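Quick one: this structure, given as structure tokens, is what I'll be asking you about.
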Amino acid sequence: MKKRHQAVSTRQVLWSASKLVISACVAIGVFLLLRLHFQSSTVDASESRVFADGLPFDGPPKIAFLFLARRDLPIDFLWGSFFESADVRNFSIYVHSAPGFVFDGSTTRSEAFYGRQLSRIVQVVWGESSMIEAERLLFEEALRDPANQRFVLLSDSCVPLYNFSYVYSYVMSSSRSFVDSFLDKKEGRYYPKMSPIIPQHKWRKGSQWVTLVRKHAKVIVDDHIILPVFRRYCKRRPPVDPSKGKQNLKLQKQHNCIPDEHYVQTLLAMNDLESELERRTLTYTLWNQSKTNMEASGWHPFTFGYANAGPKQIKEIKDINHVYYETEFRTEWCRSNSSSVPCFLFARKFSRNAAMRLLSDGILGTSDTAALLSNPS
């Protein structure tokens with residue numbers, strides 16, 4: 001009996017020991033897996049452009065002005081006057097320009113733009129996904145500065161309608177992004193093959209000239225799901241080419257989609273962020289139906305010349321206090337802190353002569369900011 005008892009005790013000890021060894025192995029395996037996952041996450045985070053969100057920064061919050069330029073900035077002198085009145089701690093400037101173009105004393109009349117070109121750029125072609133890729137590069141670079149809390153996307157033909165103080169107070173007084181966004185029911189730019197990644201009820205259209213809070217700028221930069229769909233299925237239809245004759249009939253049957261008029265709006269809708277938006281743009285554009293060498297007819301932005309940029313025309317733009325969206329039967333009233341405010345802070349497209357007239361007419365003079373003053377959020 002004694003030997004049997006010793007044998008049972010030995011088996012129990014061995015069984016207990018084996019369980020301990022197995023538990024230890026499992027624990028070590030889990031530890032190694034967690035360590036590998038952590039290292040992988042760290043690498044993925046650095047590769048997916050993790051920025052210093054939530055970290056304190058010195059000085060006041062800044063507005064990042066992001067310019068999409070073909071090459072130089074033809075109306076840099078007007079923007080130079082705009083930035084001259086500002087505290088340099090309140091803004092930063094980034095320009096996506098042509099490959100190899102450098103902003104210095106030989107290429108710009110405003111020192112504010114010296115060296116502000118991006119080092120990473122793409123060759124931009126209108127109506128293709130390269131436009132939204134350039135926008136993403138601007139947001140990415142600006143996000144590296146944690147003080148940049150608002151991001152204003154502008155073209156090289158945009159002009160400010162107010163001085164810097166007014167613009168800063170207006171933008172910073174709102175915790176929302178300003179994104180022109182509405183349902184696209186008429187133009188048929190949605191391509192069924194975008195589903196199921198982009199369902200049709202999330203498809204949106206609007207102006208590409210957005211003003212974003214930091215959270216929404218990060219959503220754009222971190223997107224690796226919606227952008228590939230746009231690259232594949234949202235492409236501009238080839239323009240009419242008289243030299244191709246009847247072949248144009250076939251080409252004009254191709255699906256037509258303009259990426260920069262849909263990407264940001266659709267991406268934010270896909271992320272259920274529309275409740276955090278003022279669904280309107282801060283940049284005024286006058287559209288007219290006309291013919292070009294690219295299309296038989298279509299809607300195109302009107303270019304303001306010297307004669308169209310007088311005090312009366314500018315006042316008419318400044319007096320606009322609401323925007324109506326026909327496809328949604330929706331009226332966006334322009335408000336800040338429960339007070340009625342002008343809808344637009346910027347306008348396009350302005351020629352160099354028109355910009356010179358704005359400067360000579362003192363369009364960037366003093367503006368009342370009392371209704372906008374509040375703690376930035």
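The values are calculated or read from the model by the stated rules, or taken from the named source; none is laboratory data. Bear in mind that the values here come from a model prediction, so they are computed numbers and not experimental data. Here the Cβ positions follow ideal geometry from the backbone for every residue, glycine too, while neighbour counts run over all protein chains shown. The accessibility values were calculated without ligands, DNA or RNA, using every heavy atom of the protein model including side chains. Shrake-Rupley method; radii C 1.70, N 1.55, O 1.52, S 1.80 Å.
Given the Cα-Cα distance of Arg70 and Val102 and 0.36 nm per residue of separation, how much length would full extension add, in nm?
Here the segment from Arg70 to Val102 would lengthen by 10.3 nm.
Could you state how much accessible area Trp126 has, in square angstrom rounded to the nearest 10, with a 1.4 Å probe and all protein chains kept in place?
130
Next question, about the same structure. List the residues whose amide H sits under 5 Å from the amide H of Arg335, counting only those 5 or more places along or on another chain, with H placed 1.01 Å from N in the peptide plane.
Residues meeting the criterion, in which the H sits 1.01 Å from N, are Val341.
In nm, to one decimal, how far is the Asn271 label point from the Asn337 one, both placed 7 Å along Cα→Cβ?
The modelled label-to-label distance comes out at 2.8 nm.
In nm, give the distance between the simple-model label positions of Tyr114 and Trp287, each being 7 Å from the Cα along the Cα-to-Cβ direction.
It works out to 4.2 nm between the two label points.
Let me know the shape class of region 79-135, please: from the alpha-carbon gyration tensor, a ≥ b ≥ c as square roots of the eigenvalues, rounded when a/c is under 1.5, otherwise prolate if a/b is greater than b/c, or oblate.
Prolate shape, in that a/c is at least 1.5 and a/b is the bigger ratio.
Under 5 Å between amide hydrogens, which residues at least 5 positions from Ala98 or on another chain qualify, with H placed 1.01 Å from N in the peptide plane?
Amide H to amide H, under 5 Å and 5 or more residues apart or across chains, Ala98 pairs with Arg71.
So how exposed is Ile320, as accessible area in Å² (1.4 Å probe, rounded to 10)?
Using a 1.4 Å probe on the heavy atoms, I get roughly 50 Å².
Length gain on complete extension for the stretch Ser360 to Trp126, per 0.36 nm per residue less the alpha carbon to alpha carbon distance?
81.0 nm
Give Lys185/Lys218; Lys318/Lys349; Lys62/Lys315 a once-over and call out the pairs whose C-alpha atoms are over 18 Å from each other.
Lys185/Lys218; Lys62/Lys315
Which value, in nm² and rounded to one decimal, describes the direction-averaged projected area of the C-alpha convex hull of region 108-155?
4.2
Taking 35 Å as R0, compute the FRET efficiency from the Cβ-Cβ separation of Ser175 and Ser195 and round it to 0.05.
Once the sixth-power term is evaluated, E becomes 0.60.
I need the peptides 190-198, 172-180, 147-155 ranked by packing, meaning the mean over residues of other C-beta atoms within 10 angstrom, with the highest value on top.
147-155, 172-180, 190-198
Full-extension gain between Lys315 and Val88, please, as 0.36 nm times their residue separation minus the C-alpha to C-alpha distance.
Residue separation times 0.36 nm, minus the Cα-Cα distance, leaves 78.9 nm.
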